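Asks: Sharing a structure below in structure tokens format, with a few things to ask.
The values are calculated or read from the model by the stated rules, or taken from the named source; none is laboratory data. Owing to the predicted nature of the structure, the values given are computational and were not obtained by experimental measurement. Here the Cβ is made from the backbone with ideal geometry for all residues, glycine too, and neighbour counts use every protein chain on show. Each accessible area value is taken on the protein alone, full model and side chains, heavy atoms only, with ligands, DNA and RNA left out. Shrake-Rupley method; radii C 1.70, N 1.55, O 1.52, S 1.80 Å.
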Amino acid sequence: MKKRIAILGSTGSIGTQALDVIRQNPGLFTPEVLTAQSNCHLLIRQAKEFSPNAVVIRRDDCYQEVADALKSYPIKVFAGEDSLSQIVEMDSIDLVLNALVGYAGLKPTLTAIAACKNVALANKETLVIAGDLVMKQALKNRVTIIPVDSEHSAIFQCLTGERYNTVEKIFLTASGGPFHGKNKVHLMNVKKEAALKHPNWKMGDKITIDSASLMNKGLEVIEARWLFNLLPEQIEVVIHPQSILHSIVQFIDGSMKAQMGLPDMRVPVLYALSYPERVSSAFPRFSFKDYPQLTFESPDTGIFRNLDLAYEALHKGGNMPCVLNAANEIAVQAFLEDRLTFLEMPDIIEKCLQTVPFIYQPSYEDYVDTNTDTRHRAVEYIRNI
Ligand code: NAD
Ligand code: MG
């Protein structure tokens, strides 16, 4: 039996790489659902190639174009935000790959869990916003959340077979991004073109900016806290510019396990799709000759303030990580539109963390309200900067 997969965000960086993985393993996986925000042309092309049961285009005004293009195919076409989360309830779906970016990923994850579907989670924002709620629901419904993020996939793989053993701490590796080693004067004037040039990974714009500002690692610290039930003190970030060790677990006996390989997101995507099995792949292999030196250093949080802000939000708990995420999404968007400088992004996030009212144990509705409130404030702070 082929595993039937719903790919949310099939036109994005992770989505297209997942389809590449499926294309190379036609006997193992089949895309049951494909979804996109507004890139109808690519969605239509993907639908014609893979013949999914259904597609969803998030933007209502794109519906007609997709429906017309697919009218002679046995493919259902839906549009809108509600369809995006409802579609994951389909009986014929075995696994939901959430490759959406940002806050939009939260609701479909919760719907998938409510429908008892296992989730391969690339959308780290889901766990940053509402990790407590998501993990509780997953436990209750016996749903497995399989991380796709390379660092978390690494930790997940290192923990396989260690169920009854105690973790002392984990080390999340970070490449340092395109501005690794740069000083404040340099960063004052950097533009999006420079920030969008990641040295090791080709990813969507939002995560690429997050990588340049170290917010990506901050979000990943929070993601790891929930996925692996760790205290903030048990999660350490280490800069490893070659991106070969994808992350490391240290156990109570002092032994450390790392998972390594070339930086290629198709590897953790394949693992998440095939889990608990491993299947063969033809992806390029690591060669020690090409990497005579693997290096490690501490992050410079004096310059890259976002990492400390993420730890601060995690320590405060409640709705603060949701505030961090919402403020960051608005700040990144403003930076991409040249309305905010690189070094102003943490200022906006910090201001939101200081001003949005704290909620100790937020409900889903509280997260929705916190997200909306924070976005409004962040927009206002950016306007007045
Ligand atoms: P991307 O921007 O390339 O793709 C996002 C996808 O989601 C697209 O298909 C887009 O159409 C869809 N989308 C965007 N906004 C939407 C909305 N409001 N409603 C519905 N659909 C929407 O992003 P990406 O780089 O593929 O990243 C996806 C997620 O995976 C992010 O959470 C990111 O942090 C995480 N991730 C990505 C990588 C990577 O290599 N790209 C690595 C690790 C983790
Ligand atoms: Mg990552």
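Asks: Percent relative contact order of the stretch 68-184, based on C-alpha pairs within less than 8 angstrom and at least six residues apart? Could the numbers behind the result be given before it?
Replies: Details: 114 pairs, mean separation 21.4, N = 117.
Once normalised by length, the contact order is 18 percent.
Asks: Reachable lysines from K191, Cα under 21 Å, same-chain residues fewer than 8 places away excluded?
Replies: K182, K202, K206, K217
Asks: What residues qualify as long-range amide H neighbours of V237, i.e. H under 5 Å apart, gap of 5 or more or another chain, H built at 1.01 Å from N?
Replies: For V237, whose amide H was placed from the backbone, the distant partners under 5 Å are L172.
Asks: Something else: Just to confirm my numbers, what's the Cα centroid distance between the stretch 264-292 and the stretch 196-213 in Å?
Replies: The distance from the Cα centre of the stretch 264-292 to that of the stretch 196-213 comes to 21 Å.
Asks: Report the FRET efficiency, 1/(1 + (r/R0)^6), for K289 and D338, where r is their Cβ-Cβ distance and R0 is 51 Å, rounded to 0.05. Could the numbers behind the result be given before it?
Replies: Working: r = 43 Å, r/R0 = 0.84.
My answer for the efficiency is 0.75.
Asks: Run the numbers for N384 and V238: contour at 0.36 nm per residue of separation, minus the present Cα-Cα distance, in nm. Kindly include the intermediate steps, with their values, before the conclusion.
Replies: Numbers: separation 146, 0.36 × 146 = 52.56 nm, distance 3.55 nm.
Extending this stretch completely gives an extra 49.0 nm.
Asks: Pairs of alpha-carbon atoms within less than 8 angstrom and 6+ residues apart define the contacts here; what relative contact order does the chain have, in percent? Before the final figure, lay out each step's value.
Replies: Details: 702 pairs, mean separation 54.7, N = 385.
Normalised by residue count, the contact order of the chain is 14 percent.
Asks: Out of all DSSP beta bridges with both ends in the chain, state the antiparallel percent to the nearest 5. Before the final figure, lay out each step's value.
Replies: Working: 11 of 40 bridges.
Beta bridges within the chain, antiparallel portion: roughly 30 percent.
Asks: Please state the charge dipole magnitude for the chain, taken about the Cα centre, from unit charges on C-beta atoms (+1 on K and R, -1 on D and E), reported in debye and rounded to the nearest 20. Intermediate results must be reported in sequence, preceding the final value.
Replies: Details: 39 positive and 44 negative charges, 175 e Å.
Its charge dipole is roughly 840 debye.
Asks: Report the extension gain between Q361 and H186 in nm, rounded to one decimal, defined as 0.36 nm multiplied by the number of residues separating them, less their alpha carbon distance.
Replies: Working: separation 175, 0.36 × 175 = 63.00 nm, distance 4.08 nm.
Once the chain is fully extended between Q361 and H186, it gains 58.9 nm.
Asks: Scanning the chain for trypsin sites (Lys or Arg not before Pro) in DSSP loops with at most 16 other Cβ atoms within 10 Å, what's the longest stretch left with none? Don't skip to the answer; put the middle values down first.
Replies: Details: sites that count: K2, R59, K71, R142, R163, K191, K197, K202, R278, R285, R339.
The answer is 203-277.
Asks: Between D253, D300, D60, which gets the highest mean-square fluctuation from a Gaussian network model of the chain, Cα cutoff 10 Å?
Replies: D253
Asks: Now a separate question. Hey, if you put +1 on the Cβ of every Lys and Arg and -1 on every Asp and Glu Cβ in the chain, which of N371, T11, A195 ends up farthest toward the positive end of that dipole?
Replies: In the chain, that residue is T11.
Asks: Report, in whole Å, the centroid distance computed from the Cα atoms of the stretch 79-153 and the stretch 22-42.
Replies: 17
Asks: Under the rule a/c < 1.5 gives rounded, and otherwise a/b versus b/c splits prolate from oblate, where does the stretch 53-120 land using the Cα gyration tensor?
Replies: Working: a/c = 2.59, a/b = 1.52, b/c = 1.70.
It comes out oblate by the Cα gyration axes.
Asks: I've got another one for you. Excluding ligands, DNA and RNA, what is the solvent-accessible area per residue of the chain at a probe of 1.4 Å, expressed in Å²? Walk me through the numbers on the way to the answer.
Replies: On the way: 17110 Å² over 385 residues.
Heavy-atom accessible area per residue stands at 44 Å².
Asks: In addition: Which ³J(HN,Hα) values, rounded to whole Hz and listed in residue order, are derived for the stretch 245-257 from phi using the Karplus coefficients 6.51, -1.76 and 1.60 in 6.51 cos²θ - 1.76 cosθ + 1.60 with θ = phi - 60°, glycine and proline given as x?
Replies: 7, 7, 3, 9, 10, 10, 8, 5, 8, x, 6, 10, 10
Asks: While we're looking at this one, here's another question. Please list, ordered by chain and number, the residues whose modelled amide H lies under 5 Å from the amide H of Q259; skip anything fewer than 5 residues away on the same chain.
Replies: Under 5 Å from the amide H of Q259 lie the amide H atoms of H246, S247, each far enough along the sequence or on another chain.
Asks: Using amide H atoms built 1.01 Å from N in the peptide plane, name the residues 5+ places from E32, or on other chains, whose amide H lies under 5 Å from its own.
Replies: So E32 has HN proximity to I5, A6, I7.
Asks: With +1 on the Cβ of every Lys and Arg and -1 on the Cβ of every Asp and Glu, and nothing else charged, how large is the dipole of the stretch 3-147 about its Cα centre, in debye rounded to the nearest 20? Spell out each step's value before the answer.
Replies: Working: 15 positive and 14 negative charges, 75 e Å.
About 360 debye.
Asks: In terms of the Cα gyration tensor, with a ≥ b ≥ c the square roots of its eigenvalues, is the stretch 317-385 rounded because a/c is under 1.5, prolate because a/b exceeds b/c, or oblate? Spell out each step's value before the answer.
Replies: Details: a/c = 2.36, a/b = 2.12, b/c = 1.12.
Prolate.
Asks: Averaging sequence separations of C-alpha pairs under 8 Å and six or more residues apart, then dividing by the length of the stretch 247-385, give the relative contact order as a whole percent.
Replies: 20
Asks: First check a/c for the chain, with a ≥ b ≥ c the square roots of the eigenvalues of its C-alpha gyration tensor; if it is under 1.5, answer rounded, and if not, answer prolate when a/b is larger than b/c or oblate otherwise. Don't jump to the answer; show the numbers that get you there.
Replies: Details: a/c = 1.41, a/b = 1.17, b/c = 1.21.
It is rounded, given that a/c, with a ≥ b ≥ c, falls under 1.5.
Asks: Moving on. Quick one: Karplus J couplings for the stretch 276-285, per residue in order, coefficients 6.51, -1.76, 1.60, θ = phi - 60°, nearest Hz, x for Gly and Pro?
Replies: x, 8, 10, 10, 6, 9, 9, 5, x, 9
Asks: May I pose another question? Mind checking which lysines have their Cα closer than 22 Å to the Cα of K76? Skip sequence neighbours fewer than 8 apart in that chain.
Replies: The qualifying lysines are K2, K3, K48, K107, K117.
Asks: Can you tell me the dipole magnitude for the stretch 317-385 around its Cα centre, using point charges on the Cβ only (Lys, Arg +1; Asp, Glu -1), in Debye to the nearest 20? All intermediate terms of the calculation are to be shown ahead of the outcome.
Replies: Numbers: 5 positive and 11 negative charges, 20 e Å.
Its charge dipole is roughly 100 debye.
Asks: Lys/Arg Cβ at +1, Asp/Glu Cβ at -1, dipole of the stretch 219-343 taken about the Cα centre: which of V221, C322, F342 is farthest positive-ward?
Replies: V221
Asks: Let me ask something additional. Positive end of the dipole of the stretch 22-77, charges at C-beta (+1 Lys, Arg; -1 Asp, Glu), about the Cα centre: which of S51, Q24, Q37 has its Cα farthest in that direction?
Replies: Q24
Asks: What list of ³J(HN,Hα) values in whole Hz, one per residue of the stretch 329-344 in order, does the Karplus curve 6.51 cos²θ - 1.76 cosθ + 1.60 (θ = phi - 60°) give from phi, with Gly and Pro shown as x?
Replies: Taking θ as phi minus 60°, the curve returns 4, 5, 5, 5, 4, 5, 5, 5, 9, 6, 9, 8, 8, 4, 7, 7 Hz for the stretch 329-344.
Asks: Which residues does a label at V279 reach in the stretch 1-38, if reach means a backbone N under 11 Å from a point 7 Å past the Cα toward the Cβ?
Replies: Only 1-5, 21-31 fall inside the zone, counting backbone N under 11 Å.
Asks: How much of the accessible area of the chain, in percent, comes from carbon and sulfur atoms when a 1.4 Å probe is used?
Replies: Details: 8730 of 17110 Å².
That share works out to 51 percent.
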